[in-house]
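> Before we start, here is the structure in question, set down as structure tokens.
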Amino acid sequence: MALKRISNSLVTRLVLFGMLLVIGGGAARYVLQARFLREDLTQLVSAQQMALADEVAREIDYKIRERRHLLDQLAATLPRALLSQPARLEAWLAERHRLNPVFNLGLLVIDTEGRVIADFPQVAGRRGASAASNPGFQRAMHGQAGVGAPLFGTFTKQPVLPMGVPLKDGRGRVEAVLVGVTALTAPDFLDRINQGRIGETGGFLLVSPVDKRFVAAGDPDLVLKPTPPPGVNLLHDRAMDGFRGSGVTVNAKGVEELSAMASVPSTGWFVVARLPTAEAFAPVRRAQDNVIRHSFTAMGVVLLVAGVFVRLTLRPLHRAATLAERMTQDEIPLKPLPVVRDDEVGHLTKAFNRLLDKLASSQAELQRMAHHDGLTGLPNRMLLDDRMHQGLARAARNGTQLAVLFLDLDGFKPINDRLGHEAGDVALVEVARRLSAVLRQSDTLARVGGDEFVMLAPDLKPNAEEGAAVLANRCIEALSHPLAIKSNLCTVGVSIGIAISDGDCTPECMLLAADKAMYAAKDQGRGRYVIAPHCDGLAAVA
């Protein structure tokens with residue numbers, strides 16, 4: 001019996017349900033979180049890699065263009081007469097090199113036969129050597145300036161990047177070639193490639209697709225080495241074919257990397273920013289480990305705390321059930337109970353409160369129906385009578401005046417006859433809306449008949465007739481524009497009778513006077529108002 005009671009207990013079910021939620025939630029987070037985090041991190045890291053690659057590529061491009069510009073300036077200012085005076089030519093090169101030593105491995109002048117006739121700084125064996133077979137020299141001899149292929153210097157014994165520009169005479173013939181040589185490891189040249197790091201294990205590569213070589217790399221062993229053959233690294237193959245962007249690939253060493261490629265326009269090279277996915281997605285693994293640890297911790301917390309917590313939570317609900325029972329027996333007044341979960345007492349509490357709400361809503365609806373018109377929502381005769389009594393009493397007490405405007409629509413019956421009563425209802429609602437728009441905050445508009453309305457304007461000063469006339473004109477103006485009903489434009493007007501009192505009349509007397517004044521307005525042409533001077537008299541048409 002006790003075991004059955006425990007198994008049917010809400011506490012037991014809530015504890016078990018909580019444990020299932022913890023286990024299910026942990027499993028779902030373990031599987032889904034890894035996938036979503038990997039996708040998000042891929043996008044984030046790809047964007048970062050692309051930004052780094054673009055930045056480094058722009059920096060390298062700037063430095064290449066800077067060197068080419070300097071070489072062009074030197075070529076433009078080099079006196080051609082020095083080509084036949086090697087000593088003076090070398091002194092001229094030395095002077096320029098000292099002013100701007102960006103070509104740290106020297107400035108060379110090569111004659112049309114491909115022989116080095118001057119260089120500075122001097123490198124053993126370089127002067128007099130032949131460069132005739134060098135493709136860069138041959139292009140320069142054809143008048144094309146540019147960046148040569150990166151290579152391992154024969155005399156400098158280190159990786160270098162030569163740049164050449166032809167020296168032409170006045171008729172455009174090439175007389176010699178000016179060459180600037182920069183070490184690939186020169187300070188402030190390719191430092192971002194050679195020494196730059198991304199994270200702990202990532203770095204940069206600088207690749208020449210034409211030469212199919214690594215120009216520079218964070219790994220010194222890759223410098224001037226051939227790029228992987230096609231098929232080894234698919235993303236690299238796409239980059240060699242012109243793709244620029246980012247993606248995940250497996251490099252030649254079998255390491256999965258997230259790489260981004262950006263072009264160096266001045267050379268045709270491209271920069272690769274790469275980061276092993278093991279490092280990029282390390283947060284995913286940490287998140288999965290945290291999910292497992294937290295799931296076991298949460299299970300322990302549920303087992304230890306949920307039972308006590310649920311019992312304490314349900315205690316006030318048991319009391320609410322007791323109170324509801326006493327209310328049904330009329331022992332205590334009816335009052336709402338706090339809404340609880342859908343458990344042993346939840347259905348009773350909700351049903352009880354719904355019943356109370358329904359009773360309150362019914363009473364409010366009955367009260368509204370007793371005092372308001374069902375079609376327009378305006379006050380009806382009962383509420384109008386109450387407000388007239390209040391307005392007259394206030395007028396007598398404060399020495400002010402109360403104006404009653406009795407409004408009867410002109411031309412309303414043809415709308416009903418021609419378009420039907422449904423259209424007539426639409427017209428009455430629109431009329432009520434327009435008339436309500438001209439009211440002051442203290443005024444009242446009531447519907448007292450089919451197409452009859454009464455407007456109360458309390459607290460008027462001694463010039464009440466003028467104020468009532470202004471209000472009447474506003475009503476007439478408000479209805480002067482046609483009504484759009486069922487795609488038809490219908491015109492209605494209004495005739496208005498006005499009665500004014502300082503509080504010494506009864507509501508019946510005022511309404512009767514205003515009603516008579518309204519009929520007088522109709523008799524005198526409609527679409528106008530008439531003011532009754534007293535409760536039992538009428539005035540002329542205004």
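Each reported figure results from applying straightforward, stated rules to the coordinates on display, with no laboratory input. Just so it is clear, the model here is predicted, and its values are computed rather than measured. FYI the Cβ positions are ideal-geometry reconstructions off the backbone, even for glycines, and counts take in every protein chain you see.
> Go through segment 259-274 residue by residue and turn each phi into a ³J(HN,Hα) via Karplus (6.51, -1.76, 1.60, θ = phi - 60°); whole Hz please, and just put x for glycine and proline.
10, 9, 10, 9, 7, 10, x, 5, 10, x, 7, 9, 9, 10, 9, 10
> Here is a further query. Output wanted: per-residue J couplings in Hz (rounded whole) for segment 408-416, from phi through Karplus 6.51 cos²θ - 1.76 cosθ + 1.60, θ = phi - 60°, x for Gly and Pro.
In residue order, the calculated couplings are 10, 6, 9, x, 7, 4, x, 5, 4 Hz.
> Quick query: amide H of Glu257 versus all other amide H atoms, modeled in the peptide plane; which residues come in under 5 Å with a sequence gap of 5 or more or a different chain?
Counting only residues 5 or more places away or on other chains, the set is Thr249, Val250, Asn251, Thr277.
> Once amide H atoms are placed 1.01 Å from N in the peptide plane, what residues at a sequence separation of 5 or more from Lys168, or on another chain, have their amide H within under 5 Å of its amide H?
Glu175
> Right, next: How big is the charge dipole of segment 94-219 about its Cα centre, in debye rounded to the nearest 20, if each Lys and Arg gets +1 on its Cβ and each Asp and Glu gets -1 on its Cβ?
It works out to roughly 200 debye.
> Around Leu483, which amide H atoms from residues at least 5 apart in sequence, or from another chain, sit under 5 Å from its own amide H, with H modelled in the peptide plane?
Amide H to amide H, under 5 Å and 5 or more residues apart or across chains, Leu483 pairs with Cys490, Thr491, Val492.
> Once you order the gyration tensor axes a ≥ b ≥ c over the Cα atoms, which shape class does segment 372-532 get: rounded for a/c under 1.5, otherwise prolate or oblate by comparing a/b with b/c?
Prolate, since a/c reaches 1.5 and a/b exceeds b/c.
> Once you have a ≥ b ≥ c as the square roots of the Cα gyration tensor eigenvalues for segment 191-280, tell me rounded if a/c is under 1.5, and otherwise prolate or oblate according to whether a/b is larger than b/c.
Judged from the Cα gyration tensor, segment 191-280 comes out rounded (a/c under 1.5).
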